[in-house]
Amino acid sequence: MKNFFDFKRQSVRKLKTYLKVLSSVKPVIKTDILQNIFTKLLSLPPGCDQSVQESSLNCLMTLRLSPLTTYRKQLLPFAQEHDFKDEVLKFPMEQLSKAQREMIIPIMIRMLTAKLLKAKGKSGREMSSKRNMVFMFFGKLNREEVECFLNVIVERYGFKISDSIDFIRMRLAQHDFPSLQSFTFTFETVIKQLCDLVEPYIPHLSKILLCVLDLSI
């Protein structure tokens, strides 16, 4: 099965067109499959720009899911390149009910993780400010949400943090050395920024990093 994130340039162009159409019409049916596809696209697969995230969020809104429609106004800026920074500080996370949190926080995690990975490796005050804002939000996550965040990071590599070491190694072996370097840098940053929150997952992260080391020598 091909990785969900294996997109070609022509596929991205078609994807943008499809999303633009779908975001402007009422869906014929409401399905978990549609919700899952739109949610995954919030992570911005390689080759996709910010417009894909914005269109995917708009498509999710057309499904009329109660928690999303309630916080529509607060969520839409998270799909923007610059406006999201103010909303990170203002978003009323503590007001969310358990059901609202279970739907909304994973969506926000995906949008913000995409921005974090996009900013990775770049310099400058703006990029530093963006990363700080993103990690400020992640610092408010509970244990289950931290696991969701870690799985969103590794998702584009085709595995979950709880998968076996052999399966993880097989998936990582499909990527070149620069990609593995980038992957290692991401986890190093996450561990430094969220040290206490990720502590319960250190065995999983160590297993993943050992696979990267083994493939790099």
Within region 183-194, how many residues are surrounded by fewer than 17 Cβ atoms within 10 Å (Cβ to Cβ) and in contact with a His (Cβ under 9 Å, 6 or more places away or on another chain)? 0
Is there a residue in region 107-116 that is surrounded by fewer than 18 Cβ atoms within 10 Å (Cβ to Cβ) and either among the β-branched types (Val, Ile, Thr) or in contact with a helix residue (DSSP H, G or I) (Cβ under 8 Å, 6 or more places away or on another chain) (or both)? no
Among the listed residues SER164, SER179, identify the single one that is small (Gly, Ala, Ser), more than 23 Å from LEU112 (Cβ to Cβ) and not assigned by TED's automatic domain parsing to the domain that holds LEU112. SER164
With the structure loaded, tell me whether ASP176 is modelled with pLDDT of 95 or more and either surrounded by fewer than 17 Cβ atoms within 10 Å (Cβ to Cβ) or out of contact with any Gly (no Cβ under 7 Å at 6 or more places or on another chain) (or both) or whether it fails that test. no
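The values are calculated or read from the model by the stated rules, or taken from the named source; none is laboratory data. Fair warning: this is a prediction, and the values are worked out from it, not measured in the lab. Here the Cβ is made from the backbone with ideal geometry for all residues, glycine too, and neighbour counts use every protein chain on show.
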